[in-house]
Structure formats: structure tokens, C-alpha cells
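J.: Below you'll find the structure I mean.
The values are calculated or read from the model by the stated rules, or taken from the named source; none is laboratory data. What you see is a predicted model, and the numbers here were worked out from it, not measured in a lab. Note that each Cβ is placed from the backbone with ideal geometry, even for glycine, and that neighbours are counted across all protein chains shown.
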Amino acid sequence: MTAFSLEPAQLAWCAELRTLAAERLHPLADKGEPGHVNRALVAELGSLSLLGRLFTSGALDLCLMRESLAYACTEAETALALQGLGAHPVHAYGTEAQRARWLPRVTAGTAIAAFALSEPGAGSDAAALELRAEADASRTGRSSDTAQAGRSSDTAQAARSSDAPVLAAAPDGPARWRLTGEKCWISNAPEADFYTVFARTTPGAGARGVTAFLVPADRPGLTGRGLDMLSPHPIGALDFDAVPVTADDVLGEADRGFRVAMGTLNLFRPSVGAFAVGMAQAALDATLAHTAGRDAFGGKLRDLQAVSHQVAEMALRTEAARLMVHAAASAYDADDPDVPRRSAMAKLLATETAQYVVDTAVQLHGARALQRGHLLEHLYREVRAPRIYEGASEVQRGIIAKELYARQEAR
């Protein structure tokens, strides 16, 4: 298999995924509440064994899943992707105990994961993190944890469960660090069951002084609130008030958390591009059907050269983006050293392309596309965010340029 064609079995699998998304996942998505985790949808993804494939398949399979689901049900695609993004650091860098506790529940769709990197002052500049992981001088942990639990009526656990009692659990053993600060624009917050949290353990060390922690949502001192965003999936902010963590909560090594973050993003950035390609293809197909059937100026819309040329441009850009996504994913699976540049290129081209294609589709459909409930109205809201999260388009251009100049200097 090359990056430029798919095997018949892969094409058949993609078709099966689109059917599953339309027939089994979309009805569950419609029953969900915007801005909140749809646990029934996540559970169905688990029952279909799609969540398990996040940890057993390569980057290309991840891209095929995300594109196929996005074509028919963006909510299902996003639910799957967020499980992968939040739990991949546990899979790739966690201890046996961490993996045994959380990954079976993630793959079954009974535990919700989240990736907590962004902060109010550190979005695209991930090395500027300010959430502090301060050494716990007392190292006693439990008495202060109890007091914290008494003060935390607005815990993330309360947001996750409407009926179950809230029990804020202290970590096993005395705290080594206390997390203090804020995370913002975190998908699945504040309703996730656990968070991959990146905090500064060494002040003034830039990217070298960041540690990744696995933080269960019921830790004392961890509270959260939802944010009202354009995108329909849940996004929130998290407040850390001396949240206790121990060495057993570290993912990877202390002060090496930036490697965990970048390793995760290098895998998921091409698949963000796949999500974008799926939306672009859905918009393109809707436009083909509309322009072929719409009467205008004594013929069909497709008979107007101004229209047909725009449709051709939409198809051209969508296919080019798909090929670059597949190439980047194949490079990741082959352990190519050029993965950072390829991943950045794939995400940049695909997300910018999807914005263009969906916008053009809206223009060719006219006012009907702006009605609530129309496919393109939905895609128009969904397509904007991928150009920002997991590294904005400007950041991707910076990565590409940096990699190009580094390669030129190495010659």
C-alpha cells in the first residue's frame, strides 16, 4: 500500500464506517445535548470496537476512521477523537498500573478522557505553560486533602454525574506536588473522568520544565465549568487549587512532559486533517447533488461555468488534502524522521481546505444552507475550530518553516 491509494479492504471498511455513522451513531448524536458529553454515543463507539482501534491501529487507520465518521456524523468523529487524544498519553507513556486502570474503560466507552494542555495565556505557545506543580513541603497530603474536599462543591465529578454522590478521592500515598492554576478551552471538560494535564515543574525552563500528569477528575481541589462555544462538543475550563499528585501520576518522566505533548500531537494532527477532509467531502457531495438538481436561468446550476468551475476547485482541493493527510499518516507509521513537517503540512492544508470548501458550498446553496438543521449550517459551525486547536494554522506554518531551514542547514 502506498500513500496514494487504498487497498480494496480499506475502501470497504471506510464505506462500512460511513454506514455505521449514519445508521447507528447519528441517531444517538441527535439525542445529545450540545455542550455536554454524549455518554451514550461514546458507549456505542465502544460497543462497535472503534475506540479500541485507537490503540491497536496506526496513524493511517486513525485517519480513515476520522474521515469516514466525519462524513456522516461529526459528533461521533469528535467523540472518538477526544477519547484518543486524552488517552493516548496513557497508552504511550503510562505505567502498567495507569494503563490497566483507565484504558479498558476508555475503549469500552465507560470512561471519558481529556487532554488538558491549553491555558488562558498559553494556547498555541505550549512552552509558556503557567499551571504550577509545586513540591508539597508537608508530604502528608491526606489532612489537607480532606479540607479541600469539603470546599469543592463544584467538582468536575459533580458535572459528570447527576445522581451519584460526589466523593473527592486523595491519591494513593502522600502528595509530591500540588497543581495550582488554570486550564482553558479543554475539550470534554469539565465532564471527563480523567485528564492528561501538563504542568510546570521547573520554573523558567521553557519546554524542558513541563511534566505530564494523569489526574482523575475526582481529585480534591479540581473544579471546572463549561464554556459556551461555537462548536457543539463540550469545551470547558479547569481550576486547580492545590490538587495533589504523586510520582505514580506522572506520565513518562518528570520535566519531560513536552515530549509527551508533542508525541501525541504529531499523531493526531494528520487525523485532524482527516476530520477536515471528511467534512469537505460531505459538503462537496451535497453541492454536487444541489447544483445538478437546482433549476436556474433556464437550466441547471451545474450548467453555469461559474458554478461548475467552483465545484471542480472544491474537488481538487479536497483530493489534494486527502493525499497529504494519507502521506503524513503513512510517514508516521513508517517512523519517518520528517513526521513533524508532514503532520503540520497535512493539518494546515486540510483544515484550510475544508474551510474553503464548506464556505463555497454554503454560497452555492444560498440562504437554505444557513437554516438551523441544514447539513451545511452544521458543517459551517464545525469547520472553524480545527484551524485553531492542536496548533493554529500560523503555528503549523512556523513548524514547517523551522523544519525546512533545519534540513537546509544540515546539508
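J.: Need pairs with beta-carbon distance below 9 Å; first residue within 10 Å of L41 (Cβ to Cβ) and assigned by TED's automatic domain parsing to the domain that holds A100 and within region 72-87, second of a type in the set (S, T, Y) and surrounded by fewer than 24 Cβ atoms within 10 Å (Cβ to Cβ); sequence gap 6+ or separate chains.
T.: What qualifies is T78/S231.
J.: Can you pull out the helices (runs of 4 or more DSSP H) entirely within region 28-132 that have at least 1 residues that are in contact with a His (Cβ under 7 Å, 6 or more places away or on another chain)?
T.: Of the helices (runs of 4 or more DSSP H) lying wholly inside region 28-132, those with at least 1 residues that are in contact with a His (Cβ under 7 Å, 6 or more places away or on another chain) span 59-72, 74-93, 96-108.
J.: Of the residues that sit in region 9-34 and are within 18 Å of I235 (Cα to Cα) and in contact with an Asp or Glu (Cβ under 7 Å, 6 or more places away or on another chain), which one is modelled with the lowest pLDDT?
T.: Result: G32.
J.: Would you be able to say whether some residue in region 249-257 is part of a strand (DSSP E or B), touching a helix residue (DSSP H, G or I) at 6+ places or on another chain (Cβ under 8 Å), at pLDDT below 95 and surrounded by fewer than 24 Cβ atoms within 10 Å (Cβ to Cβ)?
T.: no
Yes/no matrix, rows are residues, columns are (1) under 27 Å from P337 (Cβ atoms); (2) assigned by TED's automatic domain parsing to the domain that holds E390; (3) in contact with a Phe, Trp or Tyr (Cβ under 9 Å, 6 or more places away or on another chain):
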{"residue": "T264", "(1), (2), (3)": "yes, yes, yes"}
{"residue": "A274", "(1), (2), (3)": "yes, yes, no"}
{"residue": "L284", "(1), (2), (3)": "no, yes, no"}
{"residue": "H290", "(1), (2), (3)": "no, yes, no"}
{"residue": "R302", "(1), (2), (3)": "no, yes, no"}
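J.: All but one of (1) modelled with pLDDT under 95; (2) surrounded by fewer than 16 Cβ atoms within 10 Å (Cβ to Cβ); (3) closer than 18 Å to Q281 by Cβ hold for L6; state the number of the condition that does not hold.
T.: All conditions are met except number (2).
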